[in-house]
Amino acid sequence: MIMKLMMKQGEIQWSDDENTTTLTAPEFPEFALKVEEAICSLGGSVFPKLNWSAPRDAYWIAMNSSLKCKCLSDIFLLFKSSDFITRDFTQPFIHCSDDSPDPSLEYQLVLRKWCELIPGAEFRCFVKENKLIAISQRDYTQYYEHIFKQKEELGRCIQEFFKKHIQYKFFDEDFVFDVYRDSRGKVWLIDFNPFGEVTDSLLFTWEELKSGNILKDEASEGAAMEQDCPSFRYTNSNLTVQPSPYLSYRLPKDFVDLSTGEDVHKLIDLLKLKRNQQDDEEL
């Protein structure tokens, strides 16, 4: 039984309705307690993700416009609003070419201690056949002058970090990893990602990454002579600054499809509607 609020002649009345079905939200008290304990042990603020993806496309819905979470409800809000997380649940193997049936998955909620990172110090690295072939500025929508000035040193530090800590130690020979270089010059490993379309290739294309035909134009002149020197791409001027790719997730999908022309049928329907409106005005 629930109490239903009714309005009658400007007065508020309460009535019992025994035929109304009560919907209750599911509760997971043990899980919620473990998450809250984990958040506290990590300093009170965490960065959440699943096995593969983080809800980067849903940052705009949070009160702080950030992925910084202080409680389980913050995590739930981001996960429910994220297309990336939905894809992990519904189509985790969408770009896989293996003909074997999808394996059973055990999803993991991953919580990391929140750290304030400078976007201009993050880099994505692409490895093919255990060789570092490409490095891309992570936040390619902005121009960072220090990357342009330190490109040779950055490429050398990341290459040394890869050879010392990662090369031939990862379970696969093709993969992607993200790193962060702090103000002291130390390189930190952030995450690993699959080598394929499911991972954002940033300033490269997957066609050139998979084929290995990557131009060395972005590499330093001295390092370009080395055979194993990776291609290093970055936003080299304010003229090449781009809008954030996550902005489109703030709009309804129909608007995005129409603006990009990805859904031809929606575009045709819109043109028909506009034509009908013009015909009505002429009449």
Kindly write out, for the stretch 132-139 in residue order, the coupling ³J(HN,Hα) from the Karplus curve 6.51 cos²θ - 1.76 cosθ + 1.60 (θ = phi - 60°), rounded to whole Hz, with x marking Gly and Pro.
6, 9, 7, 10, 10, 4, 5, 8
Flagged links, alpha-carbon separation over 24 Å, of Lys128/Lys163; Lys34/Lys164; Lys131/Lys169; Lys163/Lys186; Lys128/Lys169
Lys34/Lys164
Can you work out ³J(HN,Hα) from phi for every residue in the stretch 153-158, in order, using Karplus 6.51 cos²θ - 1.76 cosθ + 1.60 and θ = phi - 60°, giving whole Hz and x for Gly and Pro?
5, 4, x, 5, 5, 5
The set of residues whose placed amide H lies less than 5 Å from the amide H of Arg112, leaving out same-chain residues fewer than 5 positions away, is Phe47
For the stretch 26-43, what does the Karplus curve 6.51 cos²θ - 1.76 cosθ + 1.60, with θ = phi - 60°, yield as ³J(HN,Hα) per residue in whole Hz, taken in order and with x for Gly and Pro?
x, 10, 10, x, 5, 5, 4, 5, 5, 5, 5, 5, 5, 4, 5, 5, 9, x
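We did not get these values from a lab; they are worked out from the coordinates using the rules stated. Predicted model, so just to flag it, every value in this text is computed and none were measured.
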